[in-house]
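One structure is given here, and the rest of the page talks about it.
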Amino acid sequence: MDKLPPRPVPATTPRKSATFDDYSLSEIRRAAATGLYDIRGGGAKRRVPHFDDLLFLGASISRYPLEGYREKCATNVTLGTRFAKKPIELAIPITIAGMSFGSLSAQAKEALGRGASALGTSTTTGDGGMTPEERGHSNLLVYQLLPSRYGMNPNDLRQADAIEVVVGQGAKPGGGGMLLGQKISARVAEMRTLPEGIDQRSACRHPDWTGPDDLEIKLHELRELTDWEKPIYVKVGASRPYYDTALAVKAGADVVVLDGMQGGTAATQEVFIEHVGIPLLAAIRPAVQALQDLGLHRKVQLVVSGGIRNGADVAKALALGADAVSIGTAALAALGDNDPALEEEYRALGTTAGAYDDWHEGRDPAGITTQDPGLAARLDPVAAGRRLANYLAVLTLEAQTIARACGKSHVLNLEPEDLVALTVEAAAMAQVPLAGTQWIPGKSGF
Amino acid sequence: MSLVDLATTPLRELNAALHQLPPDTNNTQWTIRNPRGQHAIAVGIDAPIAVEIEGHVGYYCAGMNQQASVTIRGNAGVGLAENMMSGEVRVTGDASQAAGATAQGGTLVIGGNASARCGISLKGADIIVQGNVGHMSAFMAQAGNLVVLGDAGEALGDSLYEACLYVRGKVASLGADCIEKAMTEAHRAKLAALLTKAGLNGAVDPAAFRRYGSARRLYHFKVDNVSAY
């Protein structure tokens with residue numbers, strides 16, 4: 001009998017490390033070649049517990065639903081009812097988050113104003129002050145008071161509809177602003193009193209107050225300056241939401257704005273975006289708890305942001321106790337950011353549609369995150385504003401659809417009891433039961 | 001002339017009255033008695049008036065001032081004349097931290113000493129301090145002038161942009177990217193004009209000052225400068 005030929009030694013399938021994955025290795029090579037940390041725009045890209053891990057319990061026998069399209073489900077919300085003589089009346093509980101002229105083109109700012117105004121909601125300025133285009137196209141405009149105070153002007157404070165004192169943001173709690181030289185055009189430089197073309201790194205702390213006791217006195221100054229007319233928001237990045245909310249309320253805020261780690265930024269270090277701060281899902285309940293402990297839930301309004309994509313996310317945020325949400329990244333996508341129609345140009349920049357985040361370089365082919373006049377001219381502010389208005393309308397309709405299914409005549413009547421969680425983590429963070437059980441980790445005995 | 005006694009008149013009433021003044025008001029002389037360290041006195045004025053405050057004031061006195069001349073006969077708390085746009089603010093005594101923070105225009109004259117972070121993020125105003133200034137003064141100052149007749153504390157002008165700093169006394173240390181620069185005839189003339197603004201013309205010799213400004217090494221991030229961050 002012939003002997004079988006010797007078998008080759010079986011080879012194992014090449015296996016890449018789960019720890020040292022392709023992205024991590026590419027970042028090591030990039031860091032080794034440049035000696036610089038990676039800077040990018042946007043929010044956390046890693047998977048974190050989010051609203052997808054929650055589900056609504058629609059009405060059945062124990063709850064009574066409302067008829068879609070026939071029975072009214074209101075969406076209006078009033079912000080600033082605590083102290084301000086002139087609170088802001090929003091038609092929908094979805095606002096546009098603070099984004100600066102400088103990080104965005106003038107066309108993009110105008111489009112945001114047009115879209116928001118069409119749906120009866122507010123936009124927000126950013127680092128660098130208020131532009132006439134922005135004020136002119138935003139029926140309701142929130143003016144941000146930031147640590148840098150670039151372009152800070154008492155006249156603009158007075159002509160704003162509300163003032164947002166920015167302590168931090170979700171993408172980088174504890175970090176300052178960054179606008180690199182490519183985007184410091186002559187107009188941006190003049191507005192910020194900076195030399196043209198330099199790298200601008202703005203401060204992470206306010207120049208004239210430190211700590212909650214000082215903040216209280218600062219808010220009092222802003223009240224006096226605006227004759228107690230304007231609602232004053234305090235914005236914090238989500239890190240210690242219970243204490244930050246309590247301290248903002250103690251300082252006299254009318255509205256607390258809470259931004260989770262998925263919230264975007266114009267530019268900061270990748271390591272900051274991905275490793276500092278907590279997801280929005282984990283932040284809302286502690287903030288609401290602080291307001292409830294102070295007897296001020298729904299009296300001091302809570303606006304949350306960071307990863308809001310659709311009407312379900314809006315409804316879930318409201319059900320957990322927020323009064324409104326704020327969108328930034330999604331609003332830019334509605335304007336045309338990261339559109340696959342521009343794939344060829346994204347590839348020329350070494351990226352792909354959906355992944356483009358080098359917003360600080362100012363080469364955005366969509367004309368949104370740029371100060372290049374040629375690129376910015378690509379964005380038609382009227383058409384882009386219309387797209388944003390359409391998107392805001394869909395978010396609202398979707399949230400109403402869910403609220404009616406839960407038997408609510410106002411989206412603000414949604415409540416934690418309408419929710420369950422798909423994962424133990426989400427159940428613990430949102431403090432709602434794991435689906436099919438009565439178990440809320442940390443609440444139900446163990 | 002208007003006389004307001006804050007021992008009997010609420011602060012809100014005073015500030016509301018100041019805000020309601022028309023640009024061509026004839027009511028241009030205001031005296032405020034018994035400030036008793038209250039915060040936010042005379043913030044947000046936008047009229048060409050003169051305001052005399054007889055006593056010590058708290059935080060943010062004359063904050064965001066436009067056009068008015070405000071004189072404080074006493075000491076001032078944190079954030080005196082913060083983000084002033086125009087006009088003039090004088091304090092006869094000392095000023096606490098962050099005096100003239102982010103001020104964009106106008107003149108701030110401090111008769112005594114100023115505490116830490118005087119002129120932080122200065123954006124165009126002129127600040128003249130007759131005494132000393134504390135640490136981190138002119139931190140990230142972008143434009144304008146800080147004149148110190150006395151000494152400066154540690155880390156003067158840290159991360160400075162284009163503001164000009166003149167110090168007659170000792171500087172404990174310079175902050176990142178702040179260097180001493182040549183004092184030319186043009187600078188002495190400019191300094192003399194600033195001293196005149198403060199009412200010190202002839203009393204102080206511009207030649208006794210040293211000038212400090214930005215080395216502009218941090219204007220663009222370079223890994224070689226990492227030790228400065």
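We did not get these values from a lab; they are worked out from the coordinates using the rules stated. Since this is a predicted model, take the numbers as computed values, not measurements. Positions of Cβ are backbone-derived with ideal geometry, glycine not excepted, and every protein chain shown enters the neighbour counts.
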*Could you give P(r) for segment B:1-143, binned at 5 Å from zero, as whole percent values over all Cα-Cα pairs?*
3, 12, 23, 25, 19, 11, 6, 2, 0
*Compare the Cα positions of A:T265, A:G43, A:S103 along the charge dipole of chain A (+1 at Cβ of Lys, Arg; -1 at Cβ of Asp, Glu; about the Cα centre) and return the one farthest towards the positive end.*
A:G43
*Provide, as a two-decimal number, the C-alpha radius of gyration of segment A:170-325 over 2.2 N^0.38 Å, N being how many residues it has.*
1.13
*Just for chain A, what percent of DSSP beta bridges are antiparallel, to the closest 5?*
25 percent
*Between segment A:344-391 and segment A:201-277, what is the C-alpha centre distance in whole Å?*
29 Å
_Rg over Rh of segment A:50-414, using C-alpha atoms and the Kirkwood radius, what does it come to?_
0.96
*If amide H atoms are built 1.01 Å from N in the plane of the peptide, which residues on other chains or at least 5 residues away come under 5 Å of the amide H of A:A59?*
A:C406, A:G407
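If you average 1/r across every pair of different Cα atoms in segment A:1-153 and take the reciprocal, what Kirkwood value do you get, in Å? Please report the intermediate quantities before stating the final value.
On the way: mean 1/r = 0.0458 Å⁻¹.
For segment A:1-153, the Kirkwood estimate is 21.8 Å.
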*Calculate, axis by axis, the spread of Cα positions in segment B:55-215 along the three principal axes, and write the results as whole Å, longest axis first.*
39, 32, 24
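Can you give the alpha-carbon Rg of segment A:198-241 over 2.2 N^0.38 Å, where N counts its residues? Kindly include the intermediate steps, with their values, before the conclusion.
Details: Rg = 13.2 Å, N = 44, 2.2 N^0.38 = 9.3 Å.
For segment A:198-241, the normalised Cα radius of gyration is 1.43.
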_Quick one: 3J(HN,Hα) in Hz for segment A:321-326, Karplus 6.51/-1.76/1.60 with θ = phi - 60°, rounded, Gly and Pro as x._
x, 6, 9, 6, 10, 10
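Exposed loop trypsin sites (Lys or Arg not before Pro) only (DSSP loop, at most 15 other Cβ atoms within 10 Å): please give the longest stretch of chain A free of them, not including the sites.
Numbers: sites that count: A:K3, A:R15, A:K16, A:K45, A:R46, A:R47, A:R63, A:R70, A:K72, A:K85, A:R205, A:R298, A:K299, A:K443.
That would be A:300-442.
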*To the nearest 20 debye, what charge dipole does segment B:138-182 have about its Cα centre, counting +1 at the Cβ of each Lys and Arg and -1 at the Cβ of each Asp and Glu?*
180 debye
*What is the helix-to-structure angle for B:185-197, meaning the angle in degrees between its Cα long axis and the longest Cα principal axis of chain B, kept from 0 to 90 and rounded to the nearest 10?*
20 degrees
_Once each part is reduced to its C-alpha centroid, what is the distance from segment A:115-142 to segment A:34-64 in angstrom?_
27 Å
*Amide H contacts of A:L140 (H built 1.01 Å from N, under 5 Å, at least 5 apart or other chain)*: A:T123
_Sparse-neighbour loop sites [trypsin sites (Lys or Arg not before Pro); segment B:121-229; at most 15 other C-beta within 10 Å; DSSP]_ = B:K170, B:R216, B:R217, B:K222
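Percent relative contact order of chain B, based on C-alpha pairs within less than 8 angstrom and at least six residues apart?
Working: 734 pairs, mean separation 22.1, N = 229.
Worked out over chain B, it gives 10 percent.
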*Cα lying deepest toward the dipole's positive end in chain A, options A:P231, A:V77, A:L54, charges on Cβ*: A:L54
*asked:* Exceeding 24 Å between C-alpha atoms, which entries from my cross-link table qualify? They are A:K235/A:K443; A:K250/B:K123; A:K45/A:K250; A:K16/A:K45; A:K45/A:K218.
replied: A:K235/A:K443; A:K250/B:K123; A:K45/A:K250; A:K45/A:K218
*A:S24 to A:E398: FRET efficiency via 1/(1 + (r/R0)^6), r the Cβ-Cβ distance, R0 30 Å, to the nearest 0.05?*
0.25
*Helix-derived mean residue ellipticity, 222 nm - over chain A, DSSP H n ≥ 4, -39500 (n - 2.57), to 500*: -10000 deg cm²/dmol
*Along segment A:410-418, what does the Karplus equation 6.51 cos²θ - 1.76 cosθ + 1.60 (θ = phi - 60°) give for ³J(HN,Hα), rounded to whole Hz, x for Gly and Pro?*
9, 4, 6, 7, 4, 8, x, 5, 7
*What are the residues whose amide H is under 5 Å from the amide H of A:Q200, where those residues sit 5 or more places off or on another chain and H is modelled from the backbone?*
A:L179, A:L180, A:G181
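Distances over 41 Å make up what percent of all Cα-Cα pairs in the protein assembly as shown?
Values: 76622 of 227475 pairs.
For the protein assembly as shown, the share of Cα pairs beyond 41 Å comes to 34 percent.
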_How would A:L422, B:L146, A:L146 line up from fewest to most surrounding beta-carbon atoms within 10 angstrom?_
A:L422, A:L146, B:L146
